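Take a look at the structure set out below.
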Amino acid sequence: MKIVDIQTRRLSIPLIKPFKTALRTVTDAESVVVFVTCDDGTVGIGEAPPTHVITGDSLDSIDYSIMHVIRPLILGLSVEQRERIGAVMEKAILHNTSAKAALDIAVWDCLGKHLNMPLYQLLGGYTNRLETDFTISVNGPEEMIEDAKSWIAKGFDTLKIKVGNSTIDEDIERVSGIRRAVGAHVKLRLDANQGWSVKEALSAISRMEDMDLGIELVEQPVPAWDIEGLKRVTDGVLTPIMADESVFSPRDAARLLAIRGCDIINIKLMKAGGISGAEKINALAETYGVECMVGCMIESKISVTAACHFAAAKKNITRCDFDAPLMFAADPVAGGVRFEQNQIFLPEEPGLGIKDVRINKD
């Protein structure tokens, strides 16, 4: 199955409500969708959202990297040569992990279709069902409390609360208010998105421990580059600490795991350059006895479906954060994963199981 064509299109989906973190505010989910066509007519689909403040990728840079840098180098290669395609992409351009992820996902989709297997089975087949949390974005305390209560009423029992863009006192006020509102049975995860210093993180997490707020984990409390600081926080509190932006590549994971710098790793396909890189990170973490979560950016059901297939395939992936498609005012993707409240069901069709994508008109 040789690759005979690669094309890209733009996708834009409005959010029901603006999504706010310590790093950015998003009102529309934009992405580049890639279509990889093989000589037998098989078409694989992938996707990459621009996340400037995390991956450094924009819509234009993703499109250019795919169409003008990588495309000429992998046309004519067979999708069965997945390792060779990955090596060519790595050598062709530095970073640009989202563009590489979109192509990697599309190649895996082609392989699954060629072998007539759902991708989660091809990748390991551990389960065909997942459970996701829902993210409460940063707003005033009362608005966040109402959002939290709303999603618990919709059947969710795990919430991820965005913090880190204001004072420690304000963050604790938000979290404690949500805990009082939703009760002790709901799992609360915090995501500071690099918004705290080491001292602030140690202070905030210790205070919340003393208040018995029952925080399941805290994600990326300090800047991504500060892996020594991340280790100080990990060693200094009882609450599990999860690395996110600190881990893009297997090399990043290896450095952090070697110093026991975190308790959990959050893998995202757009950071890892796709499923192939994500597999290596998960395997490294499992070797060190460290569990992984798989999460997503603000991206459509195309790449979220790919991430779900990967997460469902692996025993070491024990948590999921796949709520992005639930934030959209419309769903242009036919097929893929199916959501029922906080439950996610994997498709049994070959590859990703995506049947069609309604692309915006140019």
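The values are calculated or read from the model by the stated rules, or taken from the named source; none is laboratory data. In this text, all values refer to a predicted model and were calculated from it rather than measured experimentally. Positions of Cβ are backbone-derived with ideal geometry, glycine not excepted, and every protein chain shown enters the neighbour counts.
Could you pull out the residue among 99, 204 that is among the small types (Gly, Ala, Ser), outside the structural domain of residue 274 (by TED's automatic domain parsing) and at pLDDT 95 or above?
99
Note on region 136-159: among residues that are surrounded by 23 or more Cβ atoms within 10 Å (Cβ to Cβ) and in contact (Cβ under 8 Å) with a residue 40 or more places away in the chain, the one that is farthest from residue 339 (Cα to Cα) is 138.
Applying the set (1) out of contact with any Asp or Glu (no Cβ under 7 Å at 6 or more places or on another chain); (2) under 25 Å from residue 196 (Cβ atoms); (3) surrounded by 23 or more Cβ atoms within 10 Å (Cβ to Cβ) to residue 309 leaves exactly one unmet item: (2). Of all residue pairs spaced 6 or more apart or on separate chains, those with beta-carbon atoms under 7 Å, a first member in region 94-122 that is over 20 Å from residue 337 (Cα atoms) and a second member that is assigned to a helix (DSSP H, G or I) and of a type in the set (D, E, K, R) are 97/271. Considering each residue of region 263-270 in turn, at least one proves to be in contact with a helix residue (DSSP H, G or I) (Cβ under 8 Å, 6 or more places away or on another chain), buried (at least 24 other Cβ atoms within 10 Å of the Cβ), closer than 20 Å to residue 117 by Cβ and not hydroxyl-bearing (Ser, Thr, Tyr).
The set of residues in region 319-343 being under 14 Å from the mean Cα position of the chain (by Cα) and in a strand (DSSP E or B) consists of 319, 320, 321.
The residue of region 43-62 that is nearest to residue 358 (Cα to Cα), among those that are out of contact with any Pro (no Cβ under 6 Å at 6 or more places or on another chain) and surrounded by fewer than 19 Cβ atoms within 10 Å (Cβ to Cβ), is 43.
Yes/no per residue for (1) of a type in the set (D, E, K, R); (2) in contact with a helix residue (DSSP H, G or I) (Cβ under 7 Å, 6 or more places away or on another chain):
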{"site": "161", "(1), (2)": "no, yes"}
{"site": "175", "(1), (2)": "no, yes"}
{"site": "219", "(1), (2)": "yes, no"}
{"site": "228", "(1), (2)": "yes, no"}
{"site": "234", "(1), (2)": "no, no"}
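Taken as a whole, region 346-355 holds at least one residue that is out of contact with any Lys or Arg (no Cβ under 7 Å at 6 or more places or on another chain), on the phi > 0 side of the Ramachandran plot and in contact (Cβ under 8 Å) with a residue 24 or more places away in the chain. When region 99-131 is filtered for residues that are in a loop (DSSP other than H, G, I, E, B) and aromatic (Phe, Trp, Tyr), only 126 remains.
Step by step: first the residues of region 15-60, then only those that are hydroxyl-bearing (Ser, Thr, Tyr) and at pLDDT 95 or above, then the one that is nearest to residue 75 (Cα to Cα). Which residue is that?
Among those that are hydroxyl-bearing (Ser, Thr, Tyr) and at pLDDT 95 or above, it is 37.
Against the condition small (Gly, Ala, Ser), closer than 25 Å to residue 58 by Cα and out of contact with any Ser or Thr (no Cβ under 6 Å at 6 or more places or on another chain), how does residue 313 come out, does it pass? Taking the combined requirement at face value, the residue does not satisfy it. Of all residues in region 68-98, those satisfying the criterion of being hydrophobic (A, V, I, L, M, F, W, C) and outside any loop (DSSP other than H, G, I, E, B) are 69, 70, 73, 74, 85, 87, 88, 89, 92.
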